[in-house]
1. Give the stretch 312-326 a look and list any residue that's among the hydrophobic types (A, V, I, L, M, F, W, C), over 14 Å from Lys288 (Cβ atoms) and in a helix (DSSP H, G or I), or say none.
2. Give the stretch 178-221 a look and list any residue that's of a type in the set (Val, Ile, Thr) and modelled with pLDDT under 85, or say none.
3. For the stretch 72-100, how many residues meet the condition of being basic (Lys, Arg) and in contact (Cβ under 8 Å) with a residue 24 or more places away in the chain?
4. Tell me yes or no: at least one residue of the stretch 267-289 is closer than 30 Å to Val177 by Cβ and surrounded by fewer than 12 Cβ atoms within 10 Å (Cβ to Cβ).
5. Any residue that is over 17 Å from Leu220 (Cβ atoms), under 22 Å from the mean Cα position of the chain (by Cα) and surrounded by fewer than 16 Cβ atoms within 10 Å (Cβ to Cβ) - is there at least one of those in the stretch 161-169?
6. Output the number of the condition that Thr168 fails; it satisfies all remaining conditions of (1) closer than 26 Å to Leu277 by Cβ; (2) touching a residue at least 12 places away in the same chain (Cβ under 8 Å); (3) among the polar types (S, T, N, Q).
7. Residues that are modelled with pLDDT of 75 or more and of a type in the set (Lys, Arg): which helices (runs of 4 or more DSSP H) entirely in the stretch 48-165 hold 2 or more of them?
8. Take the stretch 300-311 and flag every residue that is in contact (Cβ under 8 Å) with a residue 40 or more places away in the chain and within 13 Å of Val290 (Cβ to Cβ).
Amino acid sequence: MDSQIPASAAPISSKNMGIEDTRRSVTYHPSIWGDYFLANTYDVTDILAHEEQERQRFKEEVKKLLVATPDYSLHKLDLIDAIQRLGIGYHFEIEIENSLKYIYDTYHESNDLRTCALRFRLLRQQGYYVCSGKWDFNAIGQLPLYMKHCFKALSDVYVEIAEELRKTRRWYGIHYVIKEMKNLVRAYFEEAKWAYNGYLPIDMEDYMKVALISSGYIMLSTTCLVGMGELVTKEAFDWISSESIAVKGSAIIARLMDDMAGHGRRYGCKLDMVDILVHEEQECQRLKEVKKLVVATPDYSLHKLDLIDAIQRLGVGYLFETEIENSFKYIYDTYHKSNDLRLCSLISIT
């Protein structure tokens, strides 16, 4: 059998071989461009001068377009937005500032969501204070279909209110109305989370923090002021939004009447004041039963110590301070040594 190893598989000896012999390389063909770019004779100065002329020409055309486009039109907003997005707004600072100043000084409401959102952003970017109000119109795309219709209808109402207020120079009123509507929606959302998670407020105070707002009284009272014409001042809006005693008392009455009328008709989808009162009554009954158990259990027994220990571990010892103190006093006064290690440790701990 021929035991000769093929040349391709034989080990290569590096003895007596130079670097060029041992390194494998590929012979590439020369560049098709040759020395074209190294040998060109174009004058870079001429090219830059030509580009500068073109730049100036375009700049003048854009300036003319900015000046010619009416400041009150949507086209002006789109034009400013495009220029700023291209990063060339610094070339037209004076023109943009003059246009946005006019838009700010002659500000009026619009039913078009896109116009409102774009105008708000451009004015804010320029440093003008504009109340966002009116809602985050850009977020409407994130809402489910049924909520889009509700959001659109609600925003249309407030845009109409704002336009009426603008005529009377009491436009500031819309900010108070929108603020209270936002608070109302947040309260609705909180109650929805309660129902979804099966959460029950721990007491009436915890419930009323949300329920007073969800009653809708404060929102409706603020909205009513809008329709009272020149009789209502900014101080009146400030007073009602501060939740004074009179407003809070009226909201409590409205909440109580609504809960009493609607109790039992919501089929567990919404908590009401009656549910909380029933729950508190049940807790009171449980509390009375535990107190009876603490009193009835002999102070000298291990069961009494176990009971006190369990109550304190649950963090509700403050509800039975008198009963626990009386038991401890008896245990201390009649204390005697015991062979039960657990009993001794409980006495020393408690």
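The values are calculated or read from the model by the stated rules, or taken from the named source; none is laboratory data. Everything numeric here is computed off the predicted structure, so don't read it as measured data. When we count neighbours, we look across all protein chains shown, and the Cβ atoms used for this are built from the backbone with ideal geometry, even at glycine.
1. Listed by number, the list holds a single entry, Ile324.
2. Hits for the stretch 178-221 are Ile178, Ile202.
3. Number satisfying all stated conditions: 1.
4. So far as the stretch 267-289 goes, yes, one or more of its residues are closer than 30 Å to Val177 by Cβ and surrounded by fewer than 12 Cβ atoms within 10 Å (Cβ to Cβ).
5. no
6. Going through (1) closer than 26 Å to Leu277 by Cβ; (2) touching a residue at least 12 places away in the same chain (Cβ under 8 Å); (3) among the polar types (S, T, N, Q) one by one, Thr168 breaks only (1).
7. 74-85, 113-125
8. The one that is in contact (Cβ under 8 Å) with a residue 40 or more places away in the chain and within 13 Å of Val290 (Cβ to Cβ): Ile308.
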